[in-house]
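The values are calculated or read from the model by the stated rules, or taken from the named source; none is laboratory data. Quantities reported herein were computed from a predicted structural model and do not represent experimental measurements. Every residue, glycine as well, gets a Cβ built from its backbone with ideal geometry; the counts of neighbours run over all protein chains shown.
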Amino acid sequence: MPDPRTGAGSAHAEGSPPVIAVVGPTGSGKSDLAVGLALELDGEVINADSMQFYRGMDIGTAKISMEERRGVPHHLLDTLDVTEEASVSDFQRQARAVIDAIHRRGKRAILAGGSGLYLRAALDVLEFPGTDPAIRRRLEHEAASEGEAGLRSRLERLDPVSAARLGDTRRVIRALEVYELTGRPFSSYMPTREYVRPTVQIGLEVDRDVLRARLAQRVHGMVENGLLEEVGRLESRGLRQGKTASRALGYAQFLKVLDGVSDVAEAAEETIVATRQFARRQLTWFRADPRIAWLDWQDPALLERAIAACR
């Protein structure tokens with residue numbers, strides 16, 4: 001019988017080993033460590049990078065190649081078309097089902113990624129309110145015709161905690177939608193730091209100056225490997241219409257190259273700046289979780305220390 005808190009079966013309730021999650025900022029080596037752990041601990045990897053769900057978004061997301069997977073099964077990669085919208089609640093259901101299936105096979109489940117809310121959705125007690133397309137459309141129309149100010153003012157009256165926390169129109173609309181649909185403030189659905197099953201989180205501690213240089217080098221490497229051409233292919237498959245995919249780092253910037261608004265060098269520099277800012281936000285998010293065991297990303301004994309933490 002499904003667990004009402006998790007939406008999953010009871011496979012994890014008795015005797016399953018802890019879930020492993022490898023977390024940290026973009027460019028810190030999470031995918032490589034996850035593969036190493038899987039090879040040593042007889043595990044399988046579950047992607048928790050929201051932009052790696054998208055088919056064809058390979059270069060710009062630094063998606064792990066078949067060769068780099070070294071025979072380790074990887075799950076929840078390439079599950080969406082670029083026109084589809086990524087959903088945290090869908091990911092929660094899918095990831096927990098995959099974890100249960102991996103455990104039934106007697107393997108270790110290893111999540112790897114830097115999308116903080118997606119990781120929390122898979123690992124922690126977290127309830128998602130439903131959606132109502134009609135309410136959403138009405139609020140979107142109101143925002144487009146009258147501006148965000150009125151919506152934000154309404155949210156400040158109904159849910160001041162969310163109003164202070166949410167920075168863009170899309171999230172303000174979502175908070176108002178939830179309030180209309182459920183009668184509860186959106187802030188009441190915020191996650192608690194309570195695992196749904198035993199879990200070990202390993203965070204990769206980075207040297208920020210080294211990471212800044214590494215991220216710049218990585219973006220230049222993406223350009224050399226054909227990022228602009230990849231964006232062009234995906235544009236013909238509806239990238240611009242995708243609410244999530246079109247905002248991905250690199251893709252948003254290189255769509256402007258296709259439009260003639262900027263050149264490749266400008267787009268690369270904008271991508272570097274945005275990626276560094278994103279890495280800082282990731283570090284802030286993960287640093288707030290006291291349950292994470294931090295290991296030096298450049299430690300020659302990183303894999304051995306990570307294995308010890310998992311055991």
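So for segment 127-142 (the condition being in contact (Cβ under 8 Å) with a residue 60 or more places away in the chain, under 30 Å from Arg305 (Cβ atoms) and hydrophobic (A, V, I, L, M, F, W, C)), does at least one residue qualify? Looking through segment 127-142, none of the residues is in contact (Cβ under 8 Å) with a residue 60 or more places away in the chain, under 30 Å from Arg305 (Cβ atoms) and hydrophobic (A, V, I, L, M, F, W, C).
Yes/no per residue for (1) assigned to a strand (DSSP E or B); (2) touching a Ser or Thr at 6+ places or on another chain (Cβ under 9 Å); (3) modelled with pLDDT of 95 or more:
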position: Arg171; (1), (2), (3): no, yes, no
position: Arg174; (1), (2), (3): no, yes, no
position: Glu177; (1), (2), (3): no, yes, yes
position: Arg193; (1), (2), (3): no, no, no
position: Arg214; (1), (2), (3): no, yes, yes
position: Gln217; (1), (2), (3): no, no, yes
position: Met222; (1), (2), (3): no, yes, yes
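Between Ala149, Ala121, the distinction of being crowded, with 18+ Cβ neighbours inside 10 Å and either over 30 Å from Glu304 (Cβ atoms) or not basic (Lys, Arg) (or both) belongs to Ala121 only. Applying the criterion of being touching a helix residue (DSSP H, G or I) at 6+ places or on another chain (Cβ under 7 Å) and hydroxyl-bearing (Ser, Thr, Tyr) to the residues of segment 190-219, the residue that is surrounded by the most Cβ atoms within 10 Å (Cβ to Cβ) is Thr199. Restricted to helices (runs of 4 or more DSSP H) entirely inside segment 59-140, those with at least 2 residues that are more than 19 Å from Ala38 (Cα to Cα) are 88-104, 116-123.
Candidates Ala38, Ala21: the one that is outside any loop (DSSP other than H, G, I, E, B), farther than 29 Å from Gly242 by Cα and either modelled with pLDDT of 95 or more or in the same structural domain as Arg214 (by TED's automatic domain parsing) (or both) is Ala38. Of all residues in segment 152-169, those satisfying the criterion of being among the charged types (D, E, K, R) and surrounded by 15 or more Cβ atoms within 10 Å (Cβ to Cβ) are Arg152, Arg154, Asp159. Can you find even one residue in segment 258-279 that is closer than 30 Å to Glu40 by Cα and either more than 16 Å from the chain's Cα centre (by Cα) or assigned to a helix (DSSP H, G or I) (or both)? Checking segment 258-279: at least one residue is closer than 30 Å to Glu40 by Cα and either more than 16 Å from the chain's Cα centre (by Cα) or assigned to a helix (DSSP H, G or I) (or both). Within segment 108-148, if we keep just the residues that are among the β-branched types (Val, Ile, Thr) and at pLDDT below 95, the residue that is nearest to the chain's Cα centre (by Cα) turns out to be Val125. Restricting the search to segment 62-82, which residues are buried (at least 18 other Cβ atoms within 10 Å of the Cβ) and out of contact with any Gly (no Cβ under 8 Å at 6 or more places or on another chain)? Lys63, Ile64, His74, His75, Leu76, Leu77, Leu80, listed by residue number. Of all the criteria given as (1) at pLDDT 95 or above; (2) acidic (Asp, Glu); (3) touching a Lys or Arg at 6+ places or on another chain (Cβ under 8 Å), the one not satisfied by Glu84 is (3). Considering Ile202, Ile173, the condition of being under 19 Å from the mean Cα position of the chain (by Cα) and among the hydrophobic types (A, V, I, L, M, F, W, C) is satisfied by Ile202 alone. Set side by side, the residues Gly150, Gly167 differ, and just one is assigned to a loop (DSSP other than H, G, I, E, B) and either outside the structural domain of Ala288 (by TED's automatic domain parsing) or on the phi > 0 side of the Ramachandran plot (or both), which is Gly167. Of all residue pairs spaced 6 or more apart or on separate chains, those with beta-carbon atoms under 9 Å, a first member in segment 79-107 that is over 26 Å from Gly242 (Cα atoms) and a second member that is hydroxyl-bearing (Ser, Thr, Tyr) and surrounded by fewer than 16 Cβ atoms within 10 Å (Cβ to Cβ) are Asp100/Ser10.
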